[in-house]
Amino acid sequence: MRLCVYLVLLSCILSTSVAMPVLEAGRFAWDAMGGAWDMFRAYRDMVDANYIGADKYFHARGNYDAAQRGPGGAWAARVISNAREKWQSDVSGRGAEDTRADQEANVWGRNGGDPNRYRPAGLPSKY
């Protein structure tokens with residue numbers, strides 16, 4: 001919930017800095033909240049699935065779903081993805097190659113690419 005509040009505040013600041021009309025700014029903030037929810041849902045599904053080799057699919061799917069909401073959703077997906085990858089590369093030590101592959105999947109999904117490109121064989125159909 002705290003993340004959603006931060007995203008709304010950031011999107012309001014962003015929209016006022018580019019002189020966005022009030023209704024458009026509200027829509028941007030709403031899409032950003034929805035995009036954050038889409039990213040959380042993909043993460044929750046990834047943890048629930050606990051399926052080896054499926055992380056890129058969930059990265060692509062979360063970014064795809066968020067970006068489908070509009071500019072606010074795409075913005076939220078980009079901010080969340082970049083923050084997560086920065087944390088992962090700095091703290092978890094998974095390495096530059098894993099971060100690069102994750103970012104490739106993030107950008108693919110955010111640009112409208114089909115997340116199923118990264119879907120591993122055998123992943124349950126509920127995902």
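Considered as a group, the residues in the range 31-83 that are crowded, with 17+ Cβ neighbours inside 10 Å, free of Cβ contacts under 8 Å to residues at least 40 places away in the same chain and among the basic types (Lys, Arg) include one that is farthest from Arg94 (Cα to Cα), and that residue is Arg69. Return yes or no: is Asn116 within 10 Å of the chain's Cα centre (by Cα) and part of a helix (DSSP H, G or I)? So Asn116 does not fit the description; no. Here is a list: Gly93, Gly109, Gly113, Gly73. Which entry is over 18 Å from Asp45 (Cβ atoms) and at pLDDT 95 or above? Selected residue: Gly113, the only one of Gly93, Gly109, Gly113, Gly73 that is over 18 Å from Asp45 (Cβ atoms) and at pLDDT 95 or above.
The values are calculated or read from the model by the stated rules, or taken from the named source; none is laboratory data. Just so you know, these numbers come straight off a predicted model, no measurement behind them. Please note: Cβ atoms are built from the backbone with ideal geometry, for glycine as well, and neighbour counts cover all protein chains shown.
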